[in-house]
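Below you'll find the structure, written out as structure tokens, and then a few comments.
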Amino acid sequence: MNSKQRVHAALRREPIDRVPIFMWFHPDTITILAGVLEIPRHCVDLVMGNDVRMTWVNNNFAMEGITHDRDGEGHIDFWGIHWVKQGPYNQITHFPLAQSSAEEVRKYCFPLQHVETLLSRMEPLVQSANEYFIGCDVSPCVFEMYWRIRGMEQAMLDMASDPDLVSEMFDKCAAFAALLGELACLRFPLDWLWTGDDVAGQQALLMSPTTWRNMVKPHLKRVFDVGKRHRLWVAYHCCGALRPIIPDLIEMGLDVLNPVQCNCPGMDPLDLTREFGRELAFMGGVDTQGVLPHGNVDEVRRATRRLIDGMTANNGGYILAASHTIPPETPIENIFAMYEEAGLSREEICDRAAKVRARHRV
């Protein structure tokens, strides 16, 4: 099977040669793996067997797709958000609407003039659409996009004190994500539409389930509907403890939930697949806080095998992925042990790396 066939078969609950993989690495882990495998950093994902190729076309590109060499360096994105490198990641240091009145907030315009530039991020990926499973990431979609331009504290205050304003702005956030999704679906050979809206913390939702259903859900569904209309799988990313709204996401048409942060209340992967696995596929669940970075090789093997077997039992759909990026303190031997349990040997990974080195020497 090639990667495209493997992921589609897994999501359709059909037999596969091995579990699909879509692993995310901390930037420092990428540097470590690139050194071990003697390959360029941008080749790590493919050499490590990722079956999905995807990029950001919405605001997440500004957060993750633009890299700076030194702490303190930054950029202002198309939304007017100021990002500064702090450690390995870009962090927001200025929210363009933080001090704005409700009237000024309503006048805010999303960067429609930059839509073509944003969509152009997809072009290098679709050249491999015959072999790889292709995704387009239109996140953040609703609440998370709003707080990035308004600031988290003010966004939460708005939800309590000015629900009409929030409804208008959530509608604009969703409309922009839906526009990007619609154009991408029409233009590129996609396999899934990737959505996202972090609305949960490590212990619970950031708002009550009722508030989420009333204020966020209708707008998020508008983005889901784009993928469903184009007969694509719809994936959704939300970190944290979002268990109370999983039935709602299924009702909205969700196909794949990520990242399944297994250390959060209600997010045990095996419990989730037992309860929702007939209707929902999962991507994630590898423990990046405990076993993978701090266990020994045998413990990693047992945990990975238990996860894969449990998530694929009873024809459950599953893509092996971490519950967060794999941290740099993770022993290399543990990473390879996890991959070997998934059916991708260290030898095969090293062979792929050798081919990359040969191409780059030419």
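Under the classification rounded if a/c is under 1.5, otherwise prolate if a/b is larger than b/c and oblate if not, where does the range 163-205 fall, given a ≥ b ≥ c as square roots of the Cα gyration tensor eigenvalues?
Oblate.
In debye, nearest 20: dipole of the chain around its Cα centre with unit charges on the Cβ of K, R (+) and D, E (-)?
820
Give, to the nearest whole percent, the P(r) tail of the range 231-307 beyond 20 angstrom, counting all Cα pairs.
Counting pairs separated by more than 20 Å, the tail of P(r) holds 32 percent.
Measure nothing fancy, just the Cα-based angle from helix 346-361's long axis to the longest principal axis of the chain, in degrees from 0 to 90, nearest 10.
70
Where in the chain is the longest stretch that carries no trypsin sites (Lys or Arg not before Pro) classed as loop by DSSP and with at most 13 other Cβ atoms within 10 Å?
Answer - 108-230.
What ranking do 356, 138, 297 get, fewest neighbouring Cβ atoms within 10 angstrom at the top?
Exposure proxy ranking, most exposed first: 297, 356, 138.
Determine by what factor the alpha-carbon radius of gyration of the range 92-216 differs from 2.2 N^0.38 Å, reporting the quotient.
1.18
If you build the convex hull over the alpha carbons only and average its shadow over all orientations, what do you get for the range 65-140? Give it in nm² to one decimal.
Its Cα hull, projected and averaged over all orientations, spans 6.9 nm².
What number, rounded to the nearest 500 deg cm²/dmol, is the helix-based mean residue ellipticity at 222 nm of the chain, given -39500 (n - 2.57) per DSSP H run of at least four residues and division by all its residues?
Theoretical 222 nm ellipticity from helices: -12500 deg cm²/dmol.
Find, among the GluC sites (Glu not before Pro) in the range 71-107, those assigned to loop by DSSP (not H, G, I, E, B) with at most 16 other beta-carbon atoms within 10 angstrom.
73
Residue-wise, which Karplus ³J(HN,Hα) couplings in Hz belong to the range 234-250, taking 6.51 cos²θ - 1.76 cosθ + 1.60, θ = phi - 60°, and x for glycine or proline?
10, 10, 9, 10, 8, 6, x, 8, 9, 3, x, 9, 4, x, 5, 4, 5
For the range 244-332, build the charge dipole from Cβ charges (+1 Lys, Arg; -1 Asp, Glu) around the Cα centre, then report which of 257, 291, 247 sits farthest towards its positive end.
291
Quick one: length gained pulling residue 41 to residue 357 fully straight, 0.36 nm per residue minus the C-alpha distance?
112.6 nm
Could you pull out every one of the lysines with an alpha carbon less than 26 Å from that of residue 217, ignoring same-chain neighbours closer than 8 positions?
The reachable lysines, counting only those whose Cα sits under 26 Å from residue 217, are 107, 172, 228.
Per 0.36 nm of contour for each residue apart, how much would the distance between residue 84 and residue 168 grow if the chain were fully extended, relative to their Cα-Cα spacing?
My answer for the length gained is 27.3 nm.
Calculated FRET efficiency, residue 102 and residue 131, Cβ-Cβ r, R0 56 Å, to nearest 0.05?
About 0.65, to the nearest 0.05.
Roughly speaking, what % of Cα-Cα pairs in the chain are separated by over 32 Å, rounded to a whole number?
Every Cα pair in the chain considered, those over 32 Å come to 31 percent.
Readers should treat all values here as calculations from the given coordinates under stated rules, not as data from a laboratory. What you see is a predicted model; the values in this text were computed from it and never measured. Cβ atoms come from the backbone with ideal geometry, glycine included; neighbour counts cover every protein chain shown.
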